[in-house]
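A short worksheet on the structure shown next.
Bear in mind these aren't lab numbers, they're just calculated from the coordinates by the rules spelled out. Fair warning: this is a prediction, and the values are worked out from it, not measured in the lab. Neighbour counts run over all protein chains shown; Cβ positions are idealised from the backbone, glycine included.
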Amino acid sequence: MSTMEKPNEMIYNAFIDCVQENQDRFYRLAYSYVKNKESALDIVQNAIYNGLRAIHTLNEPSYVKTWFYRILVNACIDELRKTKRLVPTDPQELPEGAVSESVSREELLDLQQALESLDPESKTIVVLRYFEDMKLSDIADVIGANLSTVKTRLYRALEKLKVELEGDVFKNE
Amino acid sequence: MNKMRELRRLYENTEIPPELSHIVNSALHQNENGILKNVKSEVRSENENQGELKMSVIKNEANGTGRASAGKGRRNLYRSLTAAAAALAVMVGAFGYGVSTNEAFADSVSGMPLLGTLARVFIGEQVDESDDIIHVEMKLPKVEGLTDKAVEERINTEIHDKMTAIVEDAKQRAAENKKAWLETGGTEDEYMLREVIVDYEVKSISNDVLSFVVSKTETSGSAYYEMYYYNIDLNTNKELTLKDMLGDDYIEIANKQISDEIAVRSKNPDNLYFDGSEGVEGFKTIAADQSFYVNDAGNPVVVFNKYEISPGYMGIQEFEITK
């Protein structure tokens, strides 16, 4: 297969598969920004359109996922900037059974609110690292920053969240 | 990292709406032809079966309407693969499957209702305005696809009129409030901008019922909610009542289940419901015009606003009622 052809058939396949396989993840990520079902669905849908429109710029199938995350995260942050909505988190939004014995409901709420109050880029780093298990180098690609910037921002964000570091932050790097 | 783990669990518990896969698939599909047209036809086969794929690509190029035949088969193939061997699919791609799988799968999905064939709700009107008194964000739903257009029109008009009036009212109150604030020595800098957000959420949509809520949240320090529920029987075009859903004994059925559930939830010391002990009467019975929506399981979910049956920190309280 010639690598000159764009969009490359293999990349196109990888894109379709990637989106279908990870659609729940993508939705959850979008929802974590906008906290609204309709907006999150809109964002995922538009990110797919935009992805398909720009897919010819991609030349390596293994980048598809990171690349789509980038489109999605940009769309989420754009939406947040547009609406600038502060999302109040009321206690009833914690699903039942969400609270374990070791962490109190109040602690969890505090932490959740602290996470929401981070700037969107820092929040993105925390969410991708801890909820999506993404490597820091991939996160750097997603948000278009270099690795050391990502590390610094992550440290600063965790400080704000007052989460104790256990030394496992940078494992697998 | 214990707290982070808990937060992650919350994140992972985000409810995935059932319409997501429809939306994702139609987004992928709508662009399919346009993309395929750009693919050069001399894609080299790396094994025999890929010839099949090559043919469909060419076919798509030859007649711009390839969507119905080849395009559809391709997409369905992806879906069957995704379901059967998700891990394998990424790099291997769609190669290696015969035509028969394709057709069988195409048959099995062709009867599925696609987005747009059903009644649906979409953003019909959006207002975003701000001044030094109030910030208004209004996103109004519009219903489409009901078999009775007159009912559809009535509902859409009602939503528009009602919510516009509510926002106007909020603006007026905010203006009076600010005037009073300044007259009593408050400064412009310290004035807390009032915020009014009108939004909607589709609770469930099936072949029989469309259920959604339009909500108004007014914030100045604390948040106050107003919710307007619409539960439409798509067969009769009538708005559903609890009686329609639960039968003649609906009051007793709902009251019993709500009381029982309150008792269960009250076992958690974090949960507090009014019980008359501090002079505030607790839950006694559902109202004649009790708010409810219909969930994905097709059951009514009775909703009580903040402060109605419990202290403000408990927020909005919901109770699913089963038949």
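Per-residue answers, yes or no, for (1) part of a loop (DSSP other than H, G, I, E, B); (2) within 19 Å of B:LYS243 (Cβ to Cβ); (3) more than 19 Å from the chain's Cα centre (by Cα):
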| position | (1), (2), (3) |
| --- | --- |
| B:GLN257 | no, yes, yes |
| B:GLU261 | no, no, yes |
| B:ARG265 | no, no, yes |
| B:ASN268 | yes, no, yes |
| B:ASP275 | yes, no, yes |
| B:GLU281 | yes, no, yes |
| B:GLN290 | yes, yes, yes |
| B:ASP296 | yes, no, no |
| B:VAL302 | no, yes, no |
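No other residue among B:LYS256, B:LYS216 is surrounded by 12 or more Cβ atoms within 10 Å (Cβ to Cβ), of a type in the set (D, E, K, R) and within 29 Å of B:ALA170 (Cα to Cα) apart from B:LYS216.
Among the numbered conditions (1) in contact (Cβ under 8 Å) with a residue 12 or more places away in the chain; (2) surrounded by 15 or more Cβ atoms within 10 Å (Cβ to Cβ), the only one that B:THR241 does not meet is (1).
Return the residues of the stretch A:36-54 that are surrounded by fewer than 19 Cβ atoms within 10 Å (Cβ to Cβ), of a type outside the set (S, T, N, Q) and more than 7 Å from every other protein chain (Cβ to nearest Cβ); say none if nothing qualifies. Those that are surrounded by fewer than 19 Cβ atoms within 10 Å (Cβ to Cβ), of a type outside the set (S, T, N, Q) and more than 7 Å from every other protein chain (Cβ to nearest Cβ): A:ASP42, A:ARG53, A:ALA54. Scanning the stretch B:275-304 for residues that are over 29 Å from B:SER211 (Cα atoms) and either surrounded by 14 or more Cβ atoms within 10 Å (Cβ to Cβ) or of a type in the set (D, E, K, R) (or both) gives B:ASP275, B:GLU278, B:GLU281.
Kindly indicate the residue of the stretch A:135-151 that is of a type outside the set (Asp, Glu) and in contact (Cβ under 8 Å) with a residue 60 or more places away in the chain and also surrounded by the fewest Cβ atoms within 10 Å (Cβ to Cβ) among those meeting that condition. Per the criteria, the residue is A:GLY144. Applying the criterion of being aromatic (Phe, Trp, Tyr) and touching a helix residue (DSSP H, G or I) at 6+ places or on another chain (Cβ under 8 Å) to the residues of the stretch B:148-207, the residue that is farthest from B:ILE16 (Cα to Cα) is B:TYR191. Just for the stretch B:305-315: of the residues that are assigned to a loop (DSSP other than H, G, I, E, B) and buried (at least 18 other Cβ atoms within 10 Å of the Cβ), which one is farthest from the other protein chains (Cβ to nearest Cβ)? So the residue we want is B:ILE309.
Among the residues making up the stretch B:117-137, a single one is in contact with a Ser or Thr (Cβ under 8 Å, 6 or more places away or on another chain) and hydrophobic (A, V, I, L, M, F, W, C): B:VAL136.
The single condition among (1) at the interface with chain B (Cβ under 7 Å from one of its Cβ atoms); (2) under 30 Å from B:VAL214 (Cα atoms) that A:ASN13 does not meet is (2).
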